[in-house]
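Here's the structure we're looking at; comments come further down.
No value in this document is a laboratory result; all are computed from the given coordinates. Since we're looking at a predicted model, the values are computed, not measured. Positions of Cβ are generated from backbone atoms using ideal geometry, with glycine treated the same way; all protein chains shown enter the neighbour counts.
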Amino acid sequence: MILGIETSCDETSVALLERDGNVRVNLIASQIERHQPFGGVVPEIASREHLQHLFPLVRRALDDAHAQWGDVESIAVTSRPGLIGALLVGVAGAQGLSYGLGIPLVAINHLEGHIFSPYLQREGPAIPLPQRFISLVISGGHSSIYDVQNGQATMLNRTRDDAIGETFDKVAKFIGLPYPGGPQIEKHARAGSRDPRRFPFAVPHFKDDSLDFSYSGIKAGAIRLAREHHVRADGDAKLLADFCATFQDALFAQLFDRLDAVWSRLDGPKPAEVAIAGGVAANGVLRERISEWGKTRGVVVRLPEKRYCTDNAAMIAFAGLQRQADAADPRRAVARSRIA
Ligand code: KG4
Ligand code: ZN
């Protein structure tokens, strides 16, 4: 089995996967409650919580899998990008285990973890990775579309400012909804009717024809509209629902605008699969809409299991299985806040 460790943000997670990608255990100690009073993740608190939870979680993962240390053949740990203090806890822990057990360590790019996550199954071996697929990574820290060929991801666009999940979170915070805001907005949007004349949002386009995302305009617009219309978490419920529905639509409208543009600009035969990943991929409205998008184009759409959307170690271990060749001297696993 491969042991996966994820500590890049506010979730301590440990997983054990078999070589075929079968997830034996995926444990997550969420710190959300510790950060909630601050309306966002406090890096110092995150590091301390990881320190406290990491090894007990590793121990429990082995117990839950009825496994021994001898069953662990290699370790995969998120080394980048993320909160540096948080990453260091996971990397140092993984280095210690790798030295102590004399087994290889693979340093994983968190984004690759998300990219491959839609191929993990709830039960049984992972779905074989296609030779090529388009991946939308949409989370609290990232919004990018990738062209993934033979396991190598090429970034086709990125956000110039806020990530889509961050936009959900910041607007939710402004109107007084608890952190994280994405699931809250989704919940309230369910009862809402959409009226783009009442809450006008536009899909931004760049003069240079760039496919990049930009969410700061929608964020500023949403905050202005919420202020003007007195949209509050503890205010008029119908107003809140309508606002959330229209705002959520606007965020997704930009996603599909860019996906369409990427799709039409792809050279040669189109990939057979499109996958979404990251926390925002848990959104039910988006899952329905992208499934429709795929149906009209005859493209297979891969939706990650909800448990593998937000940060988890199963996806890191799975990426580790794809990257076994990169396993190296544990001293070479260096934590970095940025990707490069
Ligand atoms: O992947 P993730 O756990 O962390 C990062 O790597 O950033 O994503 C967390 C993000 C948060 O911004 C959260 O609001 C968003 O995912 N999110 C959602 C939903 N569930 C989580 N956004 C929209 N709808 C949801 N159901
Ligand atoms: Zn993530």
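Length available on full extension from HIS66 to GLU123: 0.36 nm per residue minus the Cα-Cα distance, which gives 18.8 nm. Please list the equivalent ellipsoid semi-axes of the chain, computed as the square roots of five times the alpha-carbon gyration tensor eigenvalues, in descending order and whole angstrom. Listed largest to smallest, the semi-axes of the chain are 35, 24, 17 Å.
Charged side chains reduced to their Cβ positions (Lys and Arg at +1, Asp and Glu at -1) give the range 160-210 a dipole of some 340 debye around its Cα centre. Ordering GLY176, ALA282, HIS229 by Cα displacement along the dipole of the chain toward the positive end leaves HIS229 in first place; charges were set at the Cβ atoms of Lys, Arg (+1) and Asp, Glu (-1). Using modelled amide H (1.01 Å from N, peptide plane; none on Pro or chain starts), what sits under 5 Å from the amide H of ASP236, excluding residues fewer than 5 places away? Amide H neighbours of ASP236: none.
Please give me the summed charge of the neighbours of ILE103: other residues whose Cβ is under 13 Å from its Cβ, Lys and Arg +1, Asp and Glu -1. Its environment carries a net charge of -3.
Dipole of the chain computed with +1 at Lys/Arg Cβ and -1 at Asp/Glu Cβ about the Cα centre; of VAL91, ILE2, THR159, farthest Cα towards the positive end is THR159.
For the range 174-189, no residue has its backbone nitrogen under 14 Å from a point 7 Å from the Cα of ASP257, taken along Cα to Cβ. Reported to the nearest whole Å, the Cα centre-to-centre distance from the range 239-274 to the range 21-51 is 29.
Divided by 2.2 N^0.38 Å, where N counts the residues, the Cα radius of gyration of the range 247-340 comes to 1.35. P(r) for the range 1-101, from all Cα pairs and a bin width of 10 Å, is 17, 48, 28, 7, 0 %, short bins first.
Residues of the range 158-181 with an amide N closer than 15 Å to a point placed 7 Å from the Cα of GLU288 along the Cα-to-Cβ direction: none.
The residues neighbouring THR154, those whose beta-carbon lies less than 14 Å from its own, together hold a net charge of 0 under the Lys/Arg +1, Asp/Glu -1 convention.
Built from the Cα atoms of the range 89-222, the convex hull projects on average onto 12.6 nm², one quarter of its surface area. Over all orientations, the range 294-340 has a Cα convex hull whose mean projected area works out to 5.6 square nanometres. Shape summary: the range 191-290 maps onto an equivalent ellipsoid whose semi-axes, from the alpha-carbon gyration tensor, are 29, 17, 10 Å in decreasing order. Highest GNM mean-square fluctuation among PRO130, PRO304, PRO104, for the chain modelled with Cα contacts below 10 Å: PRO130. Placing +1 on the Cβ of every Lys and Arg and -1 on the Cβ of every Asp and Glu, with nothing else charged, gives the chain a dipole about its Cα centre of roughly 500 debye. Just checking the listed ones, SER47, SER144, SER291: in the Gaussian network model of the chain with Cα springs under 10 Å, the one fluctuating most is SER291. Springs between Cα atoms under 10 Å define the GNM used for the chain, and in it the highest mean-square fluctuation of LEU255, LEU16, LEU101 occurs at LEU101. The range 185-231 has equivalent-ellipsoid semi-axes of 24, 13, 10 Å, by the square roots of 5 times the alpha carbon gyration tensor eigenvalues, sorted largest first. Around the Cα centre of the range 1-130, unit charges on the Cβ atoms of Lys, Arg, Asp and Glu (plus for the first two, minus for the last two) sum to a dipole of about 140 debye. Put in order of Cβ neighbour count within 10 Å, fewest first, the listed residues ASP212, ASP10, ASP242 become ASP212, ASP242, ASP10.
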